[in-house]
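The values are calculated or read from the model by the stated rules, or taken from the named source; none is laboratory data. Remember, predicted model here, so these are calculated numbers, not experimental data. We place every Cβ from the backbone using ideal geometry, glycine too, and count neighbours over all the protein chains shown. Just so you know, the surface numbers come from the protein's heavy atoms only, side chains and all, with ligands and any DNA or RNA stripped out. Shrake-Rupley method; radii C 1.70, N 1.55, O 1.52, S 1.80 Å.
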Amino acid sequence: MFNCHAHPGLYTENALVCSADVKDISLISPFPYSSLGSLPFHEPDLCAMEKWAEKERFIGEVGVDRRFPDKGKQFQILNEILSIAEKNRNIVTLHQVGWTREFLDTVFSYNLKGAIFHSFTGSYETYMEISEKGGIVSLSPKGEKTKFFSSLSERGLLYPILTETDSLTGKEEEEELRKWNKKLSDTLDMDMEREVEDTFFKYIS
């Protein structure tokens, strides 16, 4: 069972452990699947991001959030980080609240190795667009209450998805992910735990 987006807690080899602040380097570095990011509520350090990107596989989480000020600066920083990722062939974990059209257009203007849209709560149509353009969406338990989950129940899974907890790694996180995978397995009539693990490692290869 692999968690496709968690935050540093207890050591595990079964999670992509992401940060939202470059100051977290020491926290995420011990994990074999670690991803350095910077979100709008933290001060970006592009030099640190560049150094990380040159030697590591993953960047993120990075993105935009309408709950925070200065949309222009948020997109400027996002563009700079995506440029780093494009140059170094990193797989990017993305955070997005609001400004969907502009965000998608920005992300897919870069030739990225991979783009994981984490904790996805968008529309079924957006999920299809992301998938068709080579990205992949990851669902956390909070997604159960969204219109997307209802659409998924009705229309089925046309493209692969990932699952995550978006919580600290540890025993509670493992149980949370197990229950979430079971919920999706029952909804979609498939072994979600195995499907996600196969999908993730194929996607990052």
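In segment 7-33, which residues are touching a Ser or Thr at 6+ places or on another chain (Cβ under 8 Å) and of a type outside the set (A, V, I, L, M, F, W, C)? Selection gives HIS7, PRO8, GLY9, TYR11, THR12, SER19, ASP21.
Annotation: of all residues in segment 135-166 being of a type in the set (Val, Ile, Thr) and more than 14 Å from THR199 (Cα to Cα), the one that is modelled with the highest pLDDT is THR165.
Put simply, of GLU132, GLU86 the only residue that is open to solvent by 40 Å² or more (accessible area, probe 1.4 Å), modelled with pLDDT of 95 or more, under 30 Å from THR187 (Cα atoms) and of a type outside the set (Gly, Ala, Ser) is GLU132.
Take segment 13-38 and flag every residue that is over 19 Å from GLU197 (Cα atoms), assigned to a loop (DSSP other than H, G, I, E, B) and open to solvent by 10 Å² or more (accessible area, probe 1.4 Å).
The initial filter retains those residues of segment 13-38 that are over 19 Å from GLU197 (Cα atoms), namely 19-30, 36-38.
Keeping just the survivors that are assigned to a loop (DSSP other than H, G, I, E, B) gives 19-21, 29-30.
ALA20, ASP21, SER29, PRO30 - these are the residues of segment 13-38 that are over 19 Å from GLU197 (Cα atoms), assigned to a loop (DSSP other than H, G, I, E, B) and open to solvent by 10 Å² or more (accessible area, probe 1.4 Å).
Selection of segment 95-119 for residues being touching a residue at least 40 places away in the same chain (Cβ under 8 Å) and out of contact with any Lys or Arg (no Cβ under 7 Å at 6 or more places or on another chain) yields HIS95, PHE103, GLY114, ILE116, HIS118.
Looking across segment 139-174 at every residue that is assigned to a helix (DSSP H, G or I) and of a type in the set (Asp, Glu), the one that is surrounded by the most Cβ atoms within 10 Å (Cβ to Cβ) is identified as GLU173.
Among the residues that make up segment 105-112, is at least one of them within 22 Å of SER205 (Cα to Cα) and in contact with a His (Cβ under 8 Å, 6 or more places away or on another chain)? Within segment 105-112 (the criterion being within 22 Å of SER205 (Cα to Cα) and in contact with a His (Cβ under 8 Å, 6 or more places away or on another chain)), the answer is no, since none of the residues qualifies.
On the stretch given as segment 48-71, residues that are open to solvent by 90 Å² or more (accessible area, probe 1.4 Å) and either within 16 Å of the chain's Cα centre (by Cα) or aromatic (Phe, Trp, Tyr) (or both) total 1. Scanning segment 177-192 for residues that are touching a residue at least 12 places away in the same chain (Cβ under 8 Å) and open to solvent by less than 70 Å² (accessible area, probe 1.4 Å) yields a total of 8.
Checking the stated criteria, PHE41 turns out not to satisfy the condition of being of a type in the set (Phe, Trp, Tyr) and open to solvent by less than 60 Å² (accessible area, probe 1.4 Å). Could you look through segment 38-60, keep only residues that are within 15 Å of GLU86 (Cα to Cα) and touching a Gly at 6+ places or on another chain (Cβ under 7 Å), and pick out the one that is modelled with the highest pLDDT? Checking each candidate, the answer is ILE59.
What are the residues in segment 103-141 that are within 14 Å of the chain's Cα centre (by Cα) and basic (Lys, Arg), if any? Within segment 103-141, LYS113 is the sole residue that qualifies.
Please verify whether segment 3-11 includes one or more residues that are touching a residue at least 40 places away in the same chain (Cβ under 8 Å) and open to solvent by 50 Å² or more (accessible area, probe 1.4 Å). Within segment 3-11 (the criterion being touching a residue at least 40 places away in the same chain (Cβ under 8 Å) and open to solvent by 50 Å² or more (accessible area, probe 1.4 Å)), the answer is yes, since at least one residue qualifies. So in segment 98-116, with the set limited to residues that are open to solvent by less than 40 Å² (accessible area, probe 1.4 Å) and more than 16 Å from ILE136 (Cβ to Cβ), which one is modelled with the lowest pLDDT? Of everything passing the filter in segment 98-116, GLY98 is modelled with the lowest pLDDT.
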